[in-house]
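Below: one structure, written as structure tokens.
The values are calculated or read from the model by the stated rules, or taken from the named source; none is laboratory data. The shown structure was predicted, so the numbers you read here are calculated from the model rather than taken from an experiment. Counting neighbours? That spans all protein chains shown, and the Cβs are built from the backbone with ideal geometry, glycine included.
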Amino acid sequence: MRIEFTKGHGTHNDFVLVADPKDELDLDGDAVRRLTDRRGGIGADGVIRLTSTASIAGAGEAIGDEILAEDPSAIWFMDYRNADGSVAEMCGNGVRVFAAFAERLGYVSFGPDGGRGPHASDGGFALGTRAGVKRVRKEPNGWYAVDMGPWFLPGGDDARDAGYDAGVLVRGWTTPRPGLSVDLGNPHTVVALPSLDELEHLDLTAAPEVAPAPPHGTNVELVVPLGDERAPSGEPAGRVRMRVHERGVGETQSCGTGACAAALAVRTWQGTSAPDTWFVEIPGGEVRVRALRDGHVELAGPAELVFTGALDV
Ligand SMILES: N[C@@H](CCC[C@H](N)C(=O)O)C(=O)O
């Protein structure tokens with residue numbers, strides 16, 4: 001099968017993007033592993049197939065119908081797979097890169113206000129994902145801001161009060177440390193560390209062990225809160241630095257849903273006085289996370305399309 005692709009990244013979380021508007025390609029787990037192979041293929045943390053939401057519905061996936069019922073303008077769907085071939089519900093950096101890809105293909109144009117493409121009437125480019133409809137607008141600095149939708153703590157009020165609901169063991173540690181589960185449509189477990197030195201020297205070459213084991217696995221974020229500051233808008237903001245071990249990939253340079261989970265966990269630990277806006281430093285750059293009043297969370301950051309090509313898989 002001949003694949004035409006675009007390589008892109010969001011804060012160096014990198015993806016192979018494939019346009020498949022008529023849903024003609026069979027990008028199964030084997031094909032994805034060949035594409036993402038950093039020696040034998042293109043190399044990437046994941047594969048993003050742009051296809052039509054109607055075709056997902058037509059293929060029998062209930063989420064396709066649910067998306068079109070929620071927003072009929074969400075005609076494009078982000079079909080996301082991790083580098084190991086597994087399907088993931090959501091990818092925050094991927095949504096931004098998907099928006100840049102759709103823009104390049106001419107499927108959406110962000111007007112001078114950055115917010116309204118031809119397919120969205122109520123605030124941004126609407127696209128379908130396995131975690132529902134996401135809306136993207138473009139900021140004056142070229143960053144893409146995504147309404148990531150609702151988030152929640154799977155451990156509920158008990159986890160909120162205790163600050164944790166899991167034990168996490170990173171390679172090299174002798175005892176587990178407390179972690180807080182955060183759901184962004186995909187699963188995350190966030191662990192606070194006391195120092196940047198410890199964060200820098202963590203061994204993330206193996207997946208951290210999480211107990212109780214989440215039913216569908218989890219992404220694990222290790223974070224160090226760095227204190228408060230003012231955002232350029234003047235509003236109070238917090239700052240955290242993070243490293244991440246992604247389910248289905250390994251350590252990556254960035255994870256958008258992970259950055260949201262990290263900011264929301266630290267905000268939960270800080271209590272009612274915590275700011276809503278957070279800057280999250282990851283090895284691949286920096287993103288902005290904002291807890292919105294309606295229980296949604298917004299992720300903003302860059303998206304780059306780097307090169308195009310074709311190969312047989
Ligand atoms: N890097 C992504 C998350 C990709 C999916 C994740 N590995 C999972 O399996 O849940 C992001 O930017 O959010």
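Some values worked out for this structure:
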{"quantity": "Residue match in the range 63-78 (condition: more than 22 Å from the chain's Cα centre (by Cα) and over 24 Å from GLY106 (Cα atoms))", "calculated": "yes"}
{"quantity": "Single unsatisfied condition, PRO187 versus (1) assigned by TED's automatic domain parsing to the domain that holds ARG81; (2) within 25 Å of THR51 (Cβ to Cβ); (3) in contact (Cβ under 8 Å) with a residue 40 or more places away in the chain", "calculated": "(1)"}
{"quantity": "Selection count where residues are within 20 Å of the chain's Cα centre (by Cα) and either assigned to a loop (DSSP other than H, G, I, E, B) or not assigned by TED's automatic domain parsing to the domain that holds SER233 (or both), scope the range 270-286", "calculated": "3"}
{"quantity": "Pair list, Cβ < 8 Å and 6+ apart or interchain, from the range 281-309 residues that are crowded, with 16+ Cβ neighbours inside 10 Å to residues that are assigned to a loop (DSSP other than H, G, I, E, B) and among the β-branched types (Val, Ile, Thr)", "calculated": "ILE282/THR11; GLY284/THR11; GLY285/THR11; VAL287/THR11; GLY301/THR11; PRO302/THR11"}
{"quantity": "Members of the range 261-294 that are hydroxyl-bearing (Ser, Thr, Tyr) and in contact with a Pro (Cβ under 9 Å, 6 or more places away or on another chain)", "calculated": "THR277"}
{"quantity": "Enumeration of residues in the range 156-171 that are crowded, with 18+ Cβ neighbours inside 10 Å and part of a loop (DSSP other than H, G, I, E, B)", "calculated": "TYR164, ASP165, VAL170"}
{"quantity": "Residue among VAL210, VAL289 that is assigned to a strand (DSSP E or B), within 17 Å of GLY10 (Cα to Cα) and either within 14 Å of the ligand (Cβ to nearest atom) or assigned by TED's automatic domain parsing to the domain that holds VAL87 (or both)", "calculated": "VAL289"}
{"quantity": "Tally, over the range 56-92, of residues that are touching a Ser or Thr at 6+ places or on another chain (Cβ under 6 Å) and of a type outside the set (A, V, I, L, M)", "calculated": "4"}
{"quantity": "Residue that is nearest to THR277 (Cα to Cα), among those in the range 130-184 that are of a type in the set (S, T, N, Q) and out of contact with any Asp or Glu (no Cβ under 8 Å at 6 or more places or on another chain)", "calculated": "ASN141"}
{"quantity": "Residue in the range 49-74 that is farthest from the ligand (Cβ to nearest atom), counting only those that are in contact with a strand residue (DSSP E or B) (Cβ under 6 Å, 6 or more places away or on another chain) and outside any helix (DSSP H, G or I)", "calculated": "SER73"}
{"quantity": "Of the criteria (1) away from the ligand (no atom under 16 Å from the Cβ); (2) within 20 Å of the chain's Cα centre (by Cα); (3) not β-branched (Val, Ile, Thr), which one GLY248 fails", "calculated": "(1)"}
{"quantity": "Tabulated pairs, the range 94-107, first without any contact (Cβ under 8 Å) to a residue 60 or more places away in the chain and under 21 Å from GLU246 (Cβ atoms), second within 11 Å of the ligand (Cβ to nearest atom) and not charged (D, E, K, R), C-beta under 9 angstrom, 6+ apart or interchain", "calculated": "none"}
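This table checks each residue for (1) more than 16 Å from the ligand (Cβ to nearest atom); (2) crowded, with 24+ Cβ neighbours inside 10 Å; (3) more than 14 Å from HIS188 (Cα to Cα); (4) of a type in the set (Gly, Ala, Ser).
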residue	(1), (2), (3), (4)
GLY227	yes, no, yes, yes
ALA231	yes, no, yes, yes
PRO236	yes, no, yes, no
ARG241	yes, no, yes, no
CYS255	no, yes, no, no
GLY258	no, yes, no, yes
